[in-house]
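Heads up: the structure comes next, in structure tokens.
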Amino acid sequence: MITRKRLAAGACTLLAALTAGLLPAATGTAFADDPRGGDGPAPKVELVLDVSGSMRARDMDGGSRMAAAKQAFNEVLDATPDEVELGIRTLGANYRGDDRKEGCKDTAQLYPVGVLSKSARTEAKTAVATLAPTGWTPIGPALLKAADDLEGGDEATSRRIVLITDGEDTCAPLDPCEVARDIAAKGINLTIDTLGLVPDAKTRDQLSCIADATGGTYSSIRHKDELSDRVNQLVDRAAEPVITPVAVEGADQCAKAPKIGSGLYTDREKFGEHRWYQVDVKPGQELRASVSVAADRQVDNDYGVLLRATTVHGREIVRGESAGSGRTDVISAGLRYPKADSEDTDDADGAGEPETVCLRVSNSFSAPASVKREPGLPVELTIDLVDGPSDASDVAFFGLGRGWWLLGALAVAGFLGGVLWGWLARWRGAVTRSN
């Protein structure tokens, strides 16, 4: 009979084993080294803020949209990395009249793009504090001017526009989506990210189109903390190395799949579709793969994404999966597969030859019948082939590595110790009663 005391003794030993055997094995490096390797040209970012009259609306956690934007800008100005040159441009901030032609010219640079010293951060905050919701929504003209603001530097300079607005452009026929396409066509390494403060379909479609044209992202924002976090994230991203994704078209089966190596890839996947890719993994290498599927249109609440690695014969090696419910922009999953070195295998056949691993990306997104199915959902696939552990068993047994042997031994020792302790306690009790 296992008493509470025996169970407690075994549990304490098991906890000690977990501390000794599990934690060291779980602290490995998750990704490859930072590829920047030295100082590059300073990234340039311009925040473009809608200051049109509709920004007075009080639907951001009880406050106005303008107040939420000011809070976000203050936090971002404090947190902007030193290596980022940042500026601020407004649209609809100055003209109060009804003349549409004049209203569509209303865009101005509130603070020039440059390195933010302590005094510069204070000056920029003061300028933001003076803003009051006023006029029209000339998104197209503002994007054109913002692209001009970010000129300078060499071809390697990363440039990013972060547009925050609560509505559609009111200055057609200068379509902001066409403006974004024209900017992308110039090849000046400029990305436009859009943040929509109102989730209506027309605004979402226009802002998604602007972002897609330049490889940027669209986010729907409903809370002031979300706005601060997202703008901070995008500014920080500007300081990261820029990797141009490679377009690839997955196949409907592994035998027809394109072969890819280390890198960043983009594809499109229909609702509920499977797409296959091939990766050659050499002995001694570890395959690290992750996939992100973006919900760039209205989708049903429940969804998931699966990344599955198999042999060419269909045997599953490992999988990574993720599921969610409710509104999302992106859902991701990842996996790791270490290929044992040929010296560590008993099978001499094909020693030293790379193994072809089949990667299958699947999604369980669905949507109402009114939602367009074409083109498919954006897919981003990251592949990394790195030097693996000295033995594939180092990452075996659910990530415990070789520590699982120690864990097992200590767990058994703890159980036996608990049994022995209970037996001794009972023996002492019997002796005491007999006396």
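The values are calculated or read from the model by the stated rules, or taken from the named source; none is laboratory data. Remember, predicted model here, so these are calculated numbers, not experimental data. With ideal geometry, Cβ positions are generated from the backbone for all residues, glycine too; neighbour counts draw on all protein chains shown.
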Which of (1) in contact with an Asp or Glu (Cβ under 7 Å, 6 or more places away or on another chain); (2) crowded, with 18+ Cβ neighbours inside 10 Å; (3) of a type outside the set (A, V, I, L, M) does Glu269 not meet, given it meets every other one? (1)
Pairs only if they're at least six apart or on different chains, beta carbon under 7 angstrom, first in the stretch 311-338 and closer than 18 Å to Gly272 by Cα, second at pLDDT below 90 and outside any strand (DSSP E or B); list them, first residue then second. Ser325/Asn301; Gly326/Asn301; Thr328/Ala295; Asp329/Ala295
Looking at (1) closer than 21 Å to Lys270 by Cβ; (2) touching a Leu at 6+ places or on another chain (Cβ under 9 Å); (3) not acidic (Asp, Glu), which is the only condition Gln298 fails? (2)
For Asp78, all conditions in the list (1) touching a residue at least 60 places away in the same chain (Cβ under 8 Å); (2) farther than 19 Å from Leu190 by Cα hold save one; what is the number of the exception? (1)
Specify the residue that is surrounded by the most Cβ atoms within 10 Å (Cβ to Cβ); the eligible residues are those in the stretch 108-133 that are of a type outside the set (A, V, I, L, M, F, W, C), closer than 20 Å to Thr165 by Cβ and without any contact (Cβ under 8 Å) to a residue 40 or more places away in the chain. Tyr111
If we keep just the residues of the stretch 134-143 that are in a helix (DSSP H, G or I) and in contact with an Asp or Glu (Cβ under 6 Å, 6 or more places away or on another chain), which is surrounded by the fewest Cβ atoms within 10 Å (Cβ to Cβ)? Gly140
Taking the stated definitions as given, is Asp154 of a type in the set (Asp, Glu) and either touching a Pro at 6+ places or on another chain (Cβ under 6 Å) or not in a helix (DSSP H, G or I) (or both)? yes
Matching option when the condition is more than 12 Å from Val45 (Cα to Cα), among the β-branched types (Val, Ile, Thr), out of contact with any Ser or Thr (no Cβ under 8 Å at 6 or more places or on another chain) and at pLDDT 90 or above, among Thr80, Thr130, Thr107, Thr137: Thr130
